[in-house]
Amino acid sequence: MLILGIETSCDETSVAIVEDGRKVLSNVTSSSIELFENAGGVIPEEAARAQVEYMIPVLNTALSEANLSAMDIDAVAVTKGPGLLGSLLVGTSTARAFCSIWNKPLIGVNHTLGHLSSVWLECEDEPSYPILTLSVSGGHTDLWLRKSHTEGILLGSTKDDAAGEAFDKGAIQLGLPYPGGPSISKTAIDGDATSHKFPLPLANDKSLDFSFSGLKTSLKYLLRDLNIDTPESLTDKQLVDISASYENAICAHLVDRLKRAVSEHDECNEIHIVGGVSANNHLREIVNSTFKDKTVRCPTKIKYCTDNGSMIAAAGYFLFREKGDLAYESFKSGKASD
Ligand code: KG4
Ligand code: ZN
């Protein structure tokens, strides 16, 4: 089954064609991220305008790179939320128009379900349920106990900022460009992660929830105590050491909750980490070394960690496989987004 996946929930315009939820025939992404490098975050109106500009060229390129025409597609899957409203509308309107013109079924996909499905893309062997999945991005931080592609229990989630947001907001304080995850991680490579102590959030909390806002405040107080008024006054050594310590503190909190989840759900032999923050090498290293007796999987390529059309196509395929025609949105009666 060939599914065309469209993802436009934030600043990426991404269209992919995926066969049977795993084989990626094309994955084309344009991003407006460079517009926001010095803004500290995405400006919704500008992101939506860029989506309008990129949408049709990206769609055409995805079809031509796969050597396919619109008629060859079996169904269209599109992110229906959560995300920035203007950006989402560009994707859902395009998907509806495509399905209406070419008479194809439309599958609405929750963005998080897309991330959860991203591990299957170009994965050589078949992951087996039940699976514990840590889904970490700029918009959410969730721990799932998953029983199938479409069934799962949300064990915990963040009470305040998401893990990616903690990176992004930390980067603003350190004078590093948006998005903060890659820029902090790159800066941290030469740093000493033990040079500055950060508290372990929710250390005595027995739930599986997360909290990152305290780390952001600790970073602010650390800079104040070092008499750093503006990021420009940081020495190179301070910048790399603080970046490494802050990155380590975010990862330590994620792994601490994961450890608790694994001890409560030992029946899961697989741990998956998905979402933009799963691109983080330090996080991957700690998770791999902590859970040596489990199968740890991340998306097979970095481009499948951050937002992409392939994961939406994969999720659309699994929704169809497990729910049949019930997966289809009755877009002709106007129900494409909820
Ligand atoms: O999944 P994603 O592309 O979009 C959302 O659904 O939010 O995630 C974007 C987030 C950003 O906060 C970004 O800073 C973070 O993922 N991120 C990273 C890395 N690459 C992206 N965080 C840590 N390390 C990275 N290498
Ligand atoms: Zn995402």
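Data overview
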{"quantity": "1.4 Å probe accessible area per residue over the chain, in Å²", "calculated": "43"}
{"quantity": "Percentage relative contact order, the chain, counting C-alpha pairs under 8 Å, at least six apart", "calculated": "25"}
{"quantity": "With all protein chains modelled, accessible area of Thr194 [1.4 Å, Å²]", "calculated": "110"}
{"quantity": "Percent accessible area from carbon and sulfur atoms, the stretch 127-299, protein chains only, probe 1.4 Å", "calculated": "50"}
{"quantity": "Solvent-accessible surface (1.4 angstrom probe) belonging to Met1, in square angstrom, nearest 10", "calculated": "50"}
{"quantity": "Sum of -39500 (n - 2.57) over DSSP H runs of 4+, divided by residues of the chain (222 nm, nearest 500)", "calculated": "-13000 deg cm²/dmol"}
{"quantity": "Antiparallel %, DSSP beta bridges [both residues in the chain], to 5", "calculated": "60"}
{"quantity": "Cβ-Cβ FRET estimate between Lys259 and Lys323, R0 fixed at 25 Å, reported to 0.05", "calculated": "0.15"}
{"quantity": "Apportionment of accessible area to carbon and sulfur, the stretch 40-120, percent (1.4 Å)", "calculated": "58"}
{"quantity": "Under-5 Å amide H pairs with Arg297, H placed in peptide plane, nonlocal only", "calculated": "Ile271, His272, Ile273"}
{"quantity": "Separation of the Lys292 and Asp236 label points, Cα + 7 Å toward Cβ, nm", "calculated": "3.7"}
{"quantity": "Tilt relative to the chain, helix 236-264 - C-alpha long axis, 0 to 90 degrees, to 10", "calculated": "60"}
{"quantity": "Cβ-derived FRET efficiency at R0 35 Å, Asn103 paired with Glu285, nearest 0.05", "calculated": "0.10"}
{"quantity": "Relative contact order [Cα under 8 Å, 6+ residues apart], the stretch 127-299, whole percent", "calculated": "29"}
{"quantity": "Unsatisfied cross-links (Cα-Cα over 28 Å) in the set Lys147/Lys206; Lys104/Lys323; Lys216/Lys292", "calculated": "Lys216/Lys292"}
{"quantity": "Extension gain (nm, one decimal) between Ile302 and Lys147, 0.36 nm per residue minus Cα-Cα", "calculated": "53.3 nm"}
{"quantity": "R0 of 51 Å, Cβ-Cβ distance Asp225-Asp72: FRET efficiency to nearest 0.05", "calculated": "0.25"}
{"quantity": "Label-point gap, in nm, between Cys123 and Glu53 - each point 7 angstrom along Cα→Cβ", "calculated": "3.7"}
{"quantity": "Which of Lys23, Lys104, Lys301 is most accessible, then next, and so on - probe 1.4 Å", "calculated": "Lys23, Lys301, Lys104"}
{"quantity": "5 angstrom amide H check on Gly156, placed H, neighbours 5+ away", "calculated": "Leu143"}
{"quantity": "Estimated translational D of the chain in µm²/s (Stokes, Kirkwood radius over Cα pairs; 25 °C; 0.890 mPa s)", "calculated": "120"}
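The values are calculated or read from the model by the stated rules, or taken from the named source; none is laboratory data. What you see is a predicted model; the values in this text were computed from it and never measured. FYI the Cβ positions are ideal-geometry reconstructions off the backbone, even for glycines, and counts take in every protein chain you see. Calculation scope for accessible area: heavy atoms of the full protein, side chains included, ligands and nucleic acids excluded. Shrake-Rupley method; radii C 1.70, N 1.55, O 1.52, S 1.80 Å.
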